[in-house]
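Here the structure comes first, spelled out in structure tokens, and everything after it is commentary.
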Amino acid sequence: VKLPAVIGIQRALDMILTGKAVPGARAKRLGLVDRVIPHHERERGQREFVSDVLAGKIPRAEPGLSLRDRLIEGNPLGRRVLFALAAKGVREETKGNYPAPLKAIEVLSRTFGAPPDEAYRIEAEARAELLVGDVSKALVRVFGLSQDAKRALPESVLEAAIEVNRVAVIGAGVMGGAIAEIVAANDTDTVLKDIDRGALDAGLRHAADLLRKAARARVFTEEEAGLKLARIDGRLDYEGFEEVDLAIEAVVEKMAVKKHVFSELETVMSPESVLATNTSSLSVTEMADGLERPERVVGLHFFNPVHKMPLVEVIRGDRTGDAALATAFRFALQLGKTPVVVADTPGFLVNRLLGPYLNEAGHLLEQGIAVEAIDRALLDFGMPMGPCRLLDEIGFEVATHAGREMARGIGDRLAPSGLLDRMIEDGRLGKKNGRGFYLYEKGKSTGVDPSLVDVLGPRSGQLELSEIRDRCLWPMVNEAAWALEEGVVDSADRVDLAMIMGTGFPPFRGGLLRWADDFGLGIILEGLRGLESQLGPRFAPAPMLKELAERNGTFTHPS
């Protein structure tokens, strides 16, 4: 009600619908604030401002709209057009899954120019309706889970953490450069090391590009970006590593290479420092074998893109000590990330649950279902992208390697479908080389590749979108039950938080297991049994899922 009257409808819509923060100088230009005081002059500036207010020298703020904007916002027809366009944009962005933005537009259209008492009543009724809705409850729950995750380790363990003032990242690939950038962006001195000058230069360029993009997005100024980049020291050797508190290896996903890196790091770093691995699928426990101090090894699994994804899996190996665990946990918080502590099992948590989801997309493709249908079913559900598109983003070689590692450790229910091997043989690696299920130009998708028919054959399979959705989501729920039984994480709440922050599982559904509870565990159990009889043991229900469903229990609702 108040904001449009102060800054105009269009500017108010931009702020209300996006929740964007407004820098001080722009707030002054918009008329949101009367005066901006530089931090170093705050005491004198505040006294002068108060004196001017008391003396009546502060004029009433005006929106300062252009003639065009005044003509549009000043007549009913123009306002109807503005509200219609805003609603259309919201529906395209949210797919109608979030009611608050549309309700905000409705309230603004009904209250603009209305008497204050009537306007505030309409606004209050709309807020009350939204606050008790399912989406609001789900989002409030997710917020609570994220806050609780920051307190997951007891103080007795956190007290063992060492202070991290200098970090080394080993391996200057895409992940290494991105990790170095996020560390430096949080004002921590960083060493980026590689054995190849070309790779090191590429990693430094990648970090610089990310910082420049952040500056363009006004996360910080160009000057600040330059100062943060200066914190990254590129090296081809281990000089100065005795001063490094935490080293994060991000080299190729081969156990022998990672163990060799750790053996070298142990000889050049202080005994109190922590050795972390960014592995997505290899055993942290095995990686520590042969070291004099295996208790200093821990997993710190970042998700790509590092600067955007809020989750970090902190992996506790069988011999990881409290100091290493607490240091990694606190360091993730230091970077503004949300840490979830997971056990050292194949795929850890997020990739393990993604495994059956992506595998089932492969089986559906082999069954003749179209790429477009599979991705549409999950997009309609609320996923940020469909499983075929996600496989393109991950890369077929990486997905195949991770799938085999998980199948080796867990069993056939996580075995890859075999489809990706055929895609790789056809010269398709995903977005990485511009050819996957989709085609890409300059990193942007141009649509499904019509020549896929040469690899997959004609698309003759017929399934309802709801059947495709269930085929992909039910195995994820089932694998989550297996993971909880094995103690990969300590609660279903951790599963839900990790899947939202690590995969983009739709927050408005409250998380994977909250969705499963609301959908009905009995329905999922019977569905899995039916699929098991038709398609084989990969759908065999987990004991925990059977037990919960048969006693009408739930994963996340209080019993």
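Across the options L82, P101, L131, the greatest Cα extent toward the positive end of the charge dipole of the range 51-163 (unit charges at beta carbon of Lys, Arg, Asp, Glu) belongs to L82. Its Cα centre serving as origin, the range 174-213 has a Cβ charge dipole (Lys and Arg +1, Asp and Glu -1) of approximately 120 debye. Here's the picture: charge each Lys and Arg Cβ at +1 and each Asp and Glu Cβ at -1 in the chain, and of A199, L531, H557 the one pushed furthest to the positive end of that dipole is H557.
I need the semi-axes of the equivalent ellipsoid of the range 224-363: take the C-alpha gyration tensor, multiply each eigenvalue by 5, square-root it, list largest first in whole angstrom. Please list the in-between numbers first.
Values: eigenvalues 124, 79, 43 Å².
Equivalent-ellipsoid dimensions as semi-axes: 25, 20, 15 Å.
If the limit is 20 Å between Cα atoms, which of K193/K228; K88/K137; K213/K444; K193/K258 go over it?
Where the Cα-Cα span goes over 20 Å, the pairs concerned are K88/K137.
3J(HN,Hα) along the range 300-308, derived from phi through the Karplus expression 6.51 cos²θ - 1.76 cosθ + 1.60 where θ = phi - 60°, amounts to 10, 8, 7, 10, 8, x, 4, 6, 9 Hz, with x in place of Gly and Pro. Projecting the Cα atoms of T18, S156, I468 onto the charge dipole of the chain, computed from C-beta unit charges around the Cα centre, puts T18 farthest toward the positive end. For K95, the aspartates and glutamates whose Cα falls under 19 Å of its own Cα, not counting residues fewer than eight places away in the same chain, are D14, E106, D134, E372, D375, D380. The alpha carbons of the range 166-217 give a radius of gyration and a Dmax of 10.3, 33 Å, in that order. Convex hull volume of the Cα atoms of the chain, normalised per residue: 198 Å³. Taking every DSSP bridge with both residues inside the chain, close to 30 percent are antiparallel. For the range 446-505, what ratio Rg/Rh do Cα atoms give with a Kirkwood hydrodynamic radius? With Rg and the Kirkwood Rh in hand, the quotient comes to 1.16.
Do any GluC sites (Glu not before Pro) in the range 209-290 lie in a DSSP loop with no more than 12 other beta carbon atoms within 10 Å, and if so, which?
Working: sites: E222, E223, E224, E239, E242, E243, E249, E253, E264, E266, E272, E286; in loops: E239, E253, E272.
Listed in order of number, the matching sites are E239, E272.
Helices that extend 30 Å or more along their long axis by alpha-carbon positions and average at least -1.0 on the Kyte-Doolittle scale are, among the DSSP H runs of the chain, 465-485.
Charge dipole (Cα centre; +1 on Lys/Arg Cβ, -1 on Asp/Glu Cβ; no other charges) of the chain amounts to roughly 2400 debye.
Rolling a 1.4 angstrom probe over the protein heavy atoms, how many square angstrom per residue are accessible across the chain? Don't jump to the answer; show the numbers that get you there.
Working: 26810 Å² over 559 residues.
For the chain, the solvent-accessible area averages 48 Å² per residue.
Amide H to amide H, with H built 1.01 Å from N, L300 comes under 5 Å of T277, N278, T279, I315, counting only residues 5 or more places away or on other chains.
Each helix, a run of at least 4 DSSP H residues, gives -39500 (n - 2.57); summed and divided by the residues of the chain, these come to -17000 deg cm²/dmol at 222 nm. Amide H contacts for V191 (H built 1.01 Å from N in the peptide plane; partners 5 or more residues away or on another chain; cut-off under 5 Å): V167, A168, V169, D233.
With a cut-off of 13 Å between beta carbons, the residues surrounding F49 carry a summed charge of +1, where Lys and Arg count +1 and Asp and Glu -1.
The values are calculated or read from the model by the stated rules, or taken from the named source; none is laboratory data. Every value quoted in this text rests on a predicted model; they were computed, and no experiment measured them. FYI the Cβ positions are ideal-geometry reconstructions off the backbone, even for glycines, and counts take in every protein chain you see. Side chains are part of the model used for accessible areas, which takes the heavy atoms of the whole protein and leaves out ligands, DNA and RNA. Shrake-Rupley method; radii C 1.70, N 1.55, O 1.52, S 1.80 Å.
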